[in-house]
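Here is the structure we will look at, set down as structure tokens.
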Amino acid sequence: MRVFVAGATGAIGRQLVPRLVAAGHAVHGMTRSESKQGLLYELGAVPVVADALDPDQVAAAIGKAEPDVVVHQLTGIGAVDMRHFDRSFALTNRLRTEGTDHLLSAAHAVGVRRFVAQGVAGYAAYARTGGSVKSEDDLLDTSPPREMRQTQAAILHVEHAVLEAPWTEGIVLRYGAFYGPGTSLAPGEEQFELVRRRKFPLVGDSAGVWSFIHVADAADATVAAIERGHRGAYNVVDDDPAPVAEWLPALAQALGAKPPMRVPRFVGRLFAGEAGVAVMTEIRGASNAKAKRELGWKPAHPTWRDGFTASASSPAIAEEIRG
Ligand SMILES: NC(=O)c1ccc[n+]([C@@H]2O[C@H](COP(=O)([O-])OP(=O)(O)OC[C@H]3O[C@@H](n4cnc5c(N)ncnc54)[C@H](OP(=O)(O)O)[C@@H]3O)[C@@H](O)[C@H]2O)c1
């Protein structure tokens, strides 16, 4: 198939493109930067330079590539200030609203058969009530913390726009928190370093449940969805959703750091706002049963328990992927 990947140079894109090429697909990879064309050639893709926020450039890029499938992996997540969550996600929110619309309209014009978009299984996704592990049929959050409202609205926009497009097979992959090469949960990167320096404390009961996914496993699931997914959402997460109270001390140990500090909720609120308290104490995890069943996929790193340890001891790979 001809596959057009928007976000081909990012954490997931760099893992995805070579896998698509190895599976025999012809890949067009989009970037804003002339300077990243070389990287895309190395990954095996035809580079396409276009700004995802410019509808004419997106229409021209997709019109020229004439893909069978469009994959939307556009984000712009820098350092996240939990107290100003929406501000930190402002660019990502634009990419998830305007960017999604531009890609959909360009994809419609050439009649793509599948449109696969990045969704979210963690922060601002599932309702923070009921069971601790959610399936795709469970409700998404309808009352996110104030600082997360725009981010949640943008996530919902992707869900509705993609899943309800009548002219294509719209698929949303609700990824768990990425770890591994090229992500912020990798040696030398933001989150690992916060944990290593004891700047990532446990908050209150730390009962928020997180689902993780190794970025290579996320890419494998994405290839499966591109090849044989059906309209709908799939949680792309590992087999081991776990409360913060469990994974954060284990991560500190894997990194050879001292155990994380503990702060009460009100201190958490002061430093990380309601959004920070929600992700540490209230969010729910996700089940990968549907993706396993329907995509014939299973993660090579079934649990973050082993994955973190392996990841913590492979700085060379992170450097290599980052270039
Ligand atoms: N589920 C998760 O846990 C999850 C999901 C997403 C990201 N993250 C994490 O967030 C961190 C940073 O990710 P990131 O989002 O900043 O960057 P990233 O991983 O580098 O990916 C961003 C991608 O979007 C493209 N892009 C952004 N704006 C664009 C635009 N206007 N036009 C065209 N392409 C555009 C970038 O292309 P160019 O830069 O080449 O133009 C790049 O390919 C990483 O640690 C990653 O693991 C985690």
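The values are calculated or read from the model by the stated rules, or taken from the named source; none is laboratory data. None of these values were measured; they are calculated from a predicted model. Cβ placement follows ideal geometry from the backbone for every residue including glycine, while neighbour counts extend to all protein chains displayed. Areas reflect the complete protein model, heavy atoms only, side chains present, ligands, DNA and RNA absent. Shrake-Rupley method; radii C 1.70, N 1.55, O 1.52, S 1.80 Å.
Mind telling me which of the residues ALA254, ALA250, ALA289 ends up being crowded, with 20+ Cβ neighbours inside 10 Å and either of a type in the set (A, V, I, L, M) or touching a Lys or Arg at 6+ places or on another chain (Cβ under 9 Å) (or both)?
Working: ALA250 fails: crowded, with 20+ Cβ neighbours inside 10 Å; ALA289 fails: crowded, with 20+ Cβ neighbours inside 10 Å.
Checking each option against the conditions leaves just ALA254.
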* Structure fact -> Flagged in segment 181-220 as near the ligand (Cβ under 8 Å from one of its atoms), surrounded by fewer than 20 Cβ atoms within 10 Å (Cβ to Cβ) and either among the aromatic types (Phe, Trp, Tyr) or part of a loop (DSSP other than H, G, I, E, B) (or both), in numbering order, are SER184, GLU189
* Structure fact -> Of (1) outside any strand (DSSP E or B); (2) open to solvent by 30 Å² or more (accessible area, probe 1.4 Å); (3) on the phi < 0 side of the Ramachandran plot, PHE178 fails just (1)
* Considering only helices (runs of 4 or more DSSP H) fully contained in segment 33-139, which possess at least 1 residues that are farther than 30 Å from ALA272 by Cα, open to solvent by 20 Å² or more (accessible area, probe 1.4 Å) and touching a residue at least 60 places away in the same chain (Cβ under 8 Å)? -> 37-43, 100-110
* Using the structure shown, decide if ARG14 is touching a residue at least 12 places away in the same chain (Cβ under 8 Å), open to solvent by 40 Å² or more (accessible area, probe 1.4 Å) and either within 14 Å of the ligand (Cβ to nearest atom) or part of a helix (DSSP H, G or I) (or both). => yes
* Only listed residue being within 18 Å of the chain's Cα centre (by Cα), part of a helix (DSSP H, G or I) and more than 17 Å from GLY119 (Cα to Cα), chosen from GLY307, GLY268 -> GLY307
* Asked: Say we look at segment 144-175 and pick out the residues that are hydroxyl-bearing (Ser, Thr, Tyr) and over 23 Å from ALA242 (Cα atoms); which of these is farthest from the ligand (Cβ to nearest atom)?
  -> THR168
* **Of all residues making up segment 10-35, the number that are under 11 Å from VAL49 (Cβ atoms) and among the β-branched types (Val, Ile, Thr)** => 1
* To do: State whether one or more residues within segment 229-239 are in contact (Cβ under 8 Å) with a residue 40 or more places away in the chain, assigned to a loop (DSSP other than H, G, I, E, B), under 30 Å from LEU270 (Cα atoms) and in contact with a helix residue (DSSP H, G or I) (Cβ under 9 Å, 6 or more places away or on another chain).
  => no
